[in-house]
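Right, one structure below, let's go through it.
Only the coordinates and a few stated rules stand behind these numbers; no lab work does. Small disclaimer: the values here were computed from a predicted structure and weren't measured. Reconstructed Cβ throughout: ideal geometry from the backbone, glycine too, with neighbour counts over all protein chains shown.
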Amino acid sequence: MAEVVLKDVVKTYGETVAVDSVSLTVKNGELLALLGASGCGKTTILRILAGFEEIDSGSVCAGEKVFSSGSVHVSAENRNVGVVFQSYALWPHMTVAENVEYPLKVDGIKNGNRKLRVDEALETVGLSGRGECRPAELSGGQRQRVALARCLVMKPDVVLLDEPLANLDVHLRESMLHEFKEFHAQTEATMVFVTHDQSEAMAIADRIAVMDSGRLLQVSSPCELYECPATVQVARFIGRGSVIPVNVTACADGKCEIELEGYHAKVRCPADTATGECLCAFKGEWLNLDNDGLRCSVVRSVYRGGQTALELRICSLPDNCDVVRLNISGYKKMSPGETVCVTIADGWILPLHSQ
């Protein structure tokens, strides 16, 4: 397996900048998730890594091998990079074993070695004994594993996963996430997992790279990304957070006191936070309904089975400020315009460079 390094990579399609000066390192043996909404550039980066797209400028390397740089462009078939597609791309007229074996045949591997490697790949993905089945005889999760086995049989330096769970139902997706994580731990493969689903990225990745409009916004562990967003966009995107203007009145040891229309609370902050006007990020579980808190007006109330999701507007703030969101246990009927009070249990002052 290999470390993958992108440096100042730019890719355009006409006037559209799909990848905008992206520099990113995927560590050897790491599972990194590329996360973002549709059109953010994550799939373009995957296609660049696979060799399906040439870059306009910058460089792409895997270990000691230069994939793309200036006039250099190593073709997809010469990169030793495996790709698992969203659509699986299995041939229906072939058996499972024949699907997995196909890239070995194309590569000229001898028949005896092919069978051994196919058996090893099927065992790795938990499909031993299913080699003679046709894809139509398998479940969606099993077909996904066949696609993964076909990728692994070539012993790639890097494995690319293009939204591999998008076609599965919710329950099967949860199961496959667990299997992907176990597979990664077993093989220690260098993997790039492309997804628009935050829960998938949080559950499976060692680190997550958040993208928007072709740019990298933040690359961090799932916990750091959620607890300590680096920008306003990340704070709002991850966990559907809210960003609220507050007044910082004191700071010490990674904590600061904030004031909002007479209400005081303590939140976490970066070391360089100064007193004065700042932006504070909040997640739903950092807020609680309490009669002694900030006055808020109910914008929306939705029952989601076991809990009620609330969107509230802080009464003292202008209408163009973010709503705050929180979940309360059980069913609680609330009407738009109804007044409630909210207390702040935690928050995160956004870094100065992001404000």
Report, largest value first, the span of the C-alpha coordinates of the range 151-299 along each principal axis, in whole Å.
-> 63, 34, 29
So what is Rg over Rh here for the range 77-214, counting just Cα atoms and using Kirkwood for Rh?
-> 0.96
Tell me which lysines have Cα within less than 18 Å of Lys27's Cα, excluding those fewer than 8 residues away on the same chain?
-> Lys7, Lys42, Lys65, Lys155, Lys181
Crossing angle, helix 170-187 versus the chain [Cα axis fit, 0-90 degrees, rounded to tens] = 60
Summarise the long-distance tail of P(r) for the range 1-80 by giving the % of C-alpha pairs beyond 23 Å.
-> 14
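Based only on other Cβ atoms within 10 Å, what is the fewest-to-most ordering of Ser329, Ser297?
Numbers: Ser329 8, Ser297 15.
In order of increasing Cβ crowding within 10 Å: Ser329, Ser297.
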Diffusion coefficient, µm² s⁻¹, Stokes-Einstein with Kirkwood Rh over alpha-carbon pairs of the chain at 25 °C and 0.890 mPa s = 108
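Please give me the summed charge of the neighbours of Ala230: other residues whose Cβ is under 14 Å from its Cβ, Lys and Arg +1, Asp and Glu -1. Could you put the intermediate results ahead of the total?
Values: positive: Arg207, Arg215, Arg236, Arg268; negative: Asp212, Glu224, Glu227, Asp272.
Overall, the nearby charge balance is 0.
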When the charge dipole of the chain is computed with +1 at the Cβ of Lys and Arg and -1 at the Cβ of Asp and Glu, the Cα pointing farthest to the positive end, of Gly126, Ser199, Asn288, is that of Gly126
Non-local residues with an amide H under 5 Å from the amide H of Leu31, with H modelled 1.01 Å from N and Pro and chain starts lacking one, are Met191, Asp206, Arg207
Rounded to whole Hz and in sequence order, give me ³J(HN,Hα) for the range 140-148 from the Karplus expression 6.51 cos²θ - 1.76 cosθ + 1.60, θ = phi - 60°, writing x for Gly and Pro.
-> x, x, 5, 5, 4, 5, 4, 4, 5
Do you know the relative contact order of the range 150-253, to the nearest whole percent, from alpha carbon pairs under 8 angstrom that are 6+ apart?
-> 18
Between 0 and 90°, nearest 10: helix 96-106 axis offset from the chain longest Cα axis = 70
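Compute the relative contact order of the chain as a whole-number percentage, counting only Cα pairs closer than 8 Å that sit 6 or more residues apart in sequence.
On the way: 781 pairs, mean separation 56.1, N = 355.
Taking the mean separation of contacting Cα pairs over the length of the chain, I get 16 percent.
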For the chain, the longest principal axis of the Cα atoms and the Cα long axis of helix 111-124 enclose an angle in degrees, to the nearest 10, of 20
For the range 233-349, what D do you get in µm² per second when you plug the Kirkwood radius from alpha-carbon pairs into Stokes-Einstein at 10 °C and 1.306 mPa s?
-> 109
Relative exposure of Met191, Met94, judged by other C-beta atoms within 10 Å (fewest first) = Met94, Met191
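Calculate for the chain the 222 nm mean residue ellipticity that helices alone would give, adding -39,500 (n - 2.57) per DSSP H run of length 4 or more and normalising by residue count, nearest 500 deg cm²/dmol.
Numbers: 8 runs with 84 residues, N = 355.
Helices in the chain give a 222 nm mean residue ellipticity of -7000 deg cm²/dmol.
Run the numbers on the range 1-89 and let me know its relative contact order in percent, using alpha-carbon pairs under 8 Å that are six or more apart.
On the way: 139 pairs, mean separation 25.1, N = 89.
Computed over the range 1-89, the figure is 28 percent.
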